[in-house]
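Engineer: Provided herewith is a single structure, encoded as structure tokens, for subsequent inquiry.
The values are calculated or read from the model by the stated rules, or taken from the named source; none is laboratory data. These figures come from a predicted structure and were not determined experimentally. So basically every Cβ, Gly included, is an ideal-geometry build from the backbone, and we count neighbours across all protein chains shown. Ligands, DNA and RNA are excluded from the accessible area calculation, which covers all protein heavy atoms including side chains. Shrake-Rupley method; radii C 1.70, N 1.55, O 1.52, S 1.80 Å.
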Amino acid sequence: MTEVAERITGLVGALRAHGMRIGTGESVDAARAARELGFADRELLREGLAATLLHGPGQRAVFDPVFDLYFPRAVGGPADAGSDRDELRDRLAEALAAGDQVMMARLAAEAVDGMGGYGSSPGSDGFSAYQTLDRLRPQTLLARVRSDLRGGNGDGSGGGFADRLLDDEIRGRIEQFRRMVGAEARRRVAERRGRDEIARRGVVPTADRVDFLFAGRDQLAELRRAVQPLARKLATRLAARRRRAARGTVDLRRTLRSSLSTGGVPMRPVLRRRRPVRPELVLLCDVSGSVSGFSDFTMLLVQALHDQFSKIRVFAFVNRLDEVTGLLDHGRADPDGLGARIRAEATLTGWHGSSDYGVALGEFAERYGAAVGPRTTVFVLGDARTNMSDPNLAAVREVARRARRVYWLNPEPQDRWGTGDSAAPAYAELVEMHECRTARQLSALIARLLPV
Amino acid sequence: MLNKRLDRSPDLIPDPPEAPLFTSVDDVCARLAETGYLASPAVATTVFLADRLGKPLLVEGPAGVGKTELAKAVAQVAGARLVRLQCYEGVDESRALYEWNHAKQLLRISAGRDESWDETRTDIFSEEFLLPRPLLTAIRGDEPTVLLIDETDKADVEMEGLLLEVLSDFQITVPELGTVSATRRPFVVLTSNAGRELSEALRRRCLFLHIGFPEEELERRIVRLKVPGLTEALAASVVRVVGALRAMDLRKAPSVAETVDWARTLLALGAGALDETVVRDSLGVILKHQDDIQKAAAKLDLDAL
């Protein structure tokens, strides 16, 4: 039993290292769950531990790979190794056509064992999922699996209409196989290097903790999908703040009415609700290559919150500035292409392509100064790296004077502000600047800073 | 406070309740299936653990995947009475816990004019004048009870604080009467649509279960069970198309309820197999936004709608 306890505490430790808040009580519950469920069925144990340890659906993406490391499917390499590449591809095509998960998992193990190994001396050797997939090339099996399936179902028993979806389904299965290979490679490496190390480093963090500046395309796409649910949560939070803020004088009629339940004694005065005045929002976004992931995401998020404000205007800049509010409205139908469309349709660059905060902010103050009034809150999104040109502090001072509040969200870590060509400290003296590196930080900031 | 801690320390890890509802995970699956609820392994495991560990079950997931149905099915399996607390914005103690019946108390005071005040006071704060609301009802009963707290995310944050005492200790304090403890722990199910982040404190006290869209095979069984007249092949195609739609980036992904509705519609239309016209005519059953319908039509190569 001590061995099990050690596994569970190790698992909990790795999850905590990924930022999940798991208390001792939950660890104890997990152990009790393991006692009730036994170790005969690994999937039941997985669900049981997930139920006791996790608190939200987003954590599952981290939990599953970590669980696979601490409660591995098997130990060591597969028993019947030694099949060559072509034979493996044949068997994989069959398994993909049948959608046979068990067979796919076994093939993933064989593939990693046969093709994934690198290095020869102990300590520097390991297994690479990338190398395995590069040699096996499962994505090239698509056409073959499709023709297998079409041929097999040609005699009328097939899906008919639903066969239009065949390609997507096969692609989904191949993607699943790639994940299996990844998990298998991690498991084999963990056997060499120690579980704890791999569980902390080798598992991708949840999308909302990924640094905007280093996020890959997949992660940005995943973030974009999270915009709607996140916006809904933020809207609820804003509405609650607004409700609390909107209490006014005593409403006599409703107070008397509610006093009937206490025998005519007005024990709880009912307050009149103030008519909410919806604030205005102006967004200035640096969309140059380095920070575009951050700006795109923030623009979409603010757009999704549009019914919380009476007016939203969005401006994009690299070294010239242009209004993109209209583009953003259409952006709702196709969020993935938003960034590209903004860069294609708005005039954002002058003679050169690198960002220049001074010129862009000056242009904003000059051309769109009327957009900022006493009810406006301005958000500036960008890393404040001006490429050594004049930061134009006067323009920022002017905007800050006119607006109700100005906030600057900087996707760089705070200890790098002011290094190299960053003018962050100079701007930070004029307006409130916040570090905003991950989606999690962004949603916390938005919930706190957005005016109600 | 200290005393309470000391009293509790020996049974820090309480034993499973004396009469568990289920013997094994398979038992959960089989018995829920009898009531017409087909549970995935994740659902069955978590229900089993909630019963064994005696902890409340917090169920999250998109609308229409059977969160509320789960509570009803468990109640039916256990032969328990179902007590339901529907949460909404502004739900408070007097709607959730208990309320004094003021009108009746006033009547009682005016009826006993020649009584002394002390007699009256002890009398009007007795059980007779207490109106129990769902939480108190669920805790007071002796028979097996399933307590369903529906759409917890709709309630205000203050309400969560109220739930904490109920969910961790299964007791409610009524100042005039004392503390009411559960003689028999109810099986508690909380549901949430994740409209608002529930507090850590509440999550900590619960087992967490996320019900997503079911696997293809399970959904096929669900469709076959709910719409018995449908042929095997048609059910399979329906599930495949719905699965493909869910993989798309839609404003509202079709959920199980919509799949079943669609299957019923197809049956009513007398369609033997899916084809272009049938799908085009009935796409409105599964998709609820015009943008989504257009997107799906493009995906499925339908002619312009």
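Conditions tested, residue by residue: (1) at pLDDT 85 or above; (2) among the β-branched types (Val, Ile, Thr); (3) surrounded by 21 or more Cβ atoms within 10 Å (Cβ to Cβ).
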position: B:Glu219; (1), (2), (3): yes, no, yes
position: B:Arg224; (1), (2), (3): yes, no, no
position: B:Thr231; (1), (2), (3): yes, yes, no
position: B:Leu245; (1), (2), (3): yes, no, yes
position: B:Met248; (1), (2), (3): no, no, no
position: B:Ala253; (1), (2), (3): yes, no, no
position: B:Thr259; (1), (2), (3): yes, yes, yes
position: B:Leu266; (1), (2), (3): yes, no, yes
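Engineer: Taking only the stretch A:19-43 into account, find how many residues are at the interface with chain B (Cβ under 10 Å from one of its Cβ atoms), in a loop (DSSP other than H, G, I, E, B) and either more than 31 Å from the chain's Cα centre (by Cα) or touching a residue at least 12 places away in the same chain (Cβ under 8 Å) (or both).
Structural biologist: 4
Engineer: While we're here: If you scan the stretch A:394-411, which residues turn out to be out of contact with any helix residue (DSSP H, G or I) (no Cβ under 7 Å at 6 or more places or on another chain) and open to solvent by less than 30 Å² (accessible area, probe 1.4 Å)?
Structural biologist: A:Ala403
Engineer: Right, next: For the structure I just gave you, tell me whether A:Val181 is among the β-branched types (Val, Ile, Thr), in contact (Cβ under 8 Å) with a residue 60 or more places away in the chain and at negative phi.
Structural biologist: It is true that A:Val181 is among the β-branched types (Val, Ile, Thr), in contact (Cβ under 8 Å) with a residue 60 or more places away in the chain and at negative phi.
Engineer: Would you call A:Ala426 surrounded by fewer than 17 Cβ atoms within 10 Å (Cβ to Cβ) and hydrophobic (A, V, I, L, M, F, W, C)?
Structural biologist: yes
Engineer: Residue under question is A:Arg253, and the condition is that it be part of a helix (DSSP H, G or I), open to solvent by 60 Å² or more (accessible area, probe 1.4 Å) and in contact with a Gly (Cβ under 9 Å, 6 or more places away or on another chain); does it hold?
Structural biologist: No, not satisfied.
Engineer: Can you tell me which condition B:Arg205 does not meet? The list is (1) out of contact with any Ser or Thr (no Cβ under 6 Å at 6 or more places or on another chain); (2) outside the structural domain of B:Glu232 (by TED's automatic domain parsing); (3) at negative phi, and all the others hold.
Structural biologist: Tallying (1) out of contact with any Ser or Thr (no Cβ under 6 Å at 6 or more places or on another chain); (2) outside the structural domain of B:Glu232 (by TED's automatic domain parsing); (3) at negative phi, B:Arg205 fails exactly one: (1).
Engineer: Still on this structure, I have one more. Kindly establish whether B:Ala194 is within 14 Å of chain A (Cβ to nearest Cβ), assigned to a loop (DSSP other than H, G, I, E, B), in contact (Cβ under 8 Å) with a residue 12 or more places away in the chain and farther than 30 Å from A:Asp100 by Cβ.
Structural biologist: Yes.
Engineer: Please work out if B:Asp281 is modelled with pLDDT under 85 and facing chain A (nearest Cβ under 10 Å).
Structural biologist: Against the criterion (modelled with pLDDT under 85 and facing chain A (nearest Cβ under 10 Å)), B:Asp281 does not qualify.
Engineer: Here's something else I'd like to know. Does any residue in the stretch A:61-82 that is assigned by TED's automatic domain parsing to the domain that holds A:Asp41 and surrounded by fewer than 17 Cβ atoms within 10 Å (Cβ to Cβ) come within less than 7 Å, Cβ to Cβ, of a residue that is modelled with pLDDT under 75 and not acidic (Asp, Glu) six or more places away or on a different chain, and which pairs are these?
Structural biologist: If the second residue must be modelled with pLDDT under 75 and not acidic (Asp, Glu), the pairs left are A:Ala61/A:Thr206.
Engineer: Out of the residues in the stretch B:50-64 that are open to solvent by 30 Å² or more (accessible area, probe 1.4 Å) and not small (Gly, Ala, Ser), which is nearest to the other protein chains (Cβ to nearest Cβ)?
Structural biologist: Checked the stretch B:50-64; the qualifying residue nearest to the other protein chains (Cβ to nearest Cβ) is B:Arg52.
Engineer: Then there's this: Going residue by residue through the stretch A:272-287, is there one that turns out to be modelled with pLDDT of 80 or more and under 30 Å from B:Ala247 (Cβ atoms)?
Structural biologist: yes
Engineer: Within the stretch B:109-137, can you find the residues that are among the aromatic types (Phe, Trp, Tyr) and either within 14 Å of another protein chain (Cβ to nearest Cβ) or surrounded by 15 or more Cβ atoms within 10 Å (Cβ to Cβ) (or both)?
Structural biologist: B:Phe125, B:Phe129
Engineer: Which residue pairs have Cβ atoms under 7 Å apart, sit 6 or more places apart or on different chains, and have a first residue in the stretch B:104-121 that is hydrophobic (A, V, I, L, M, F, W, C) and a second that is not in a helix (DSSP H, G or I)?
Structural biologist: Note: pairs meeting the criteria are B:Leu106/A:Gly263.
Engineer: Next question, about the same structure. Quick one: B:Leu106 ticks every box in (1) part of a helix (DSSP H, G or I); (2) modelled with pLDDT of 90 or more; (3) open to solvent by 60 Å² or more (accessible area, probe 1.4 Å) except a single one, so which number is it?
Structural biologist: With (1) part of a helix (DSSP H, G or I); (2) modelled with pLDDT of 90 or more; (3) open to solvent by 60 Å² or more (accessible area, probe 1.4 Å) applied to B:Leu106, the lone miss is (2).
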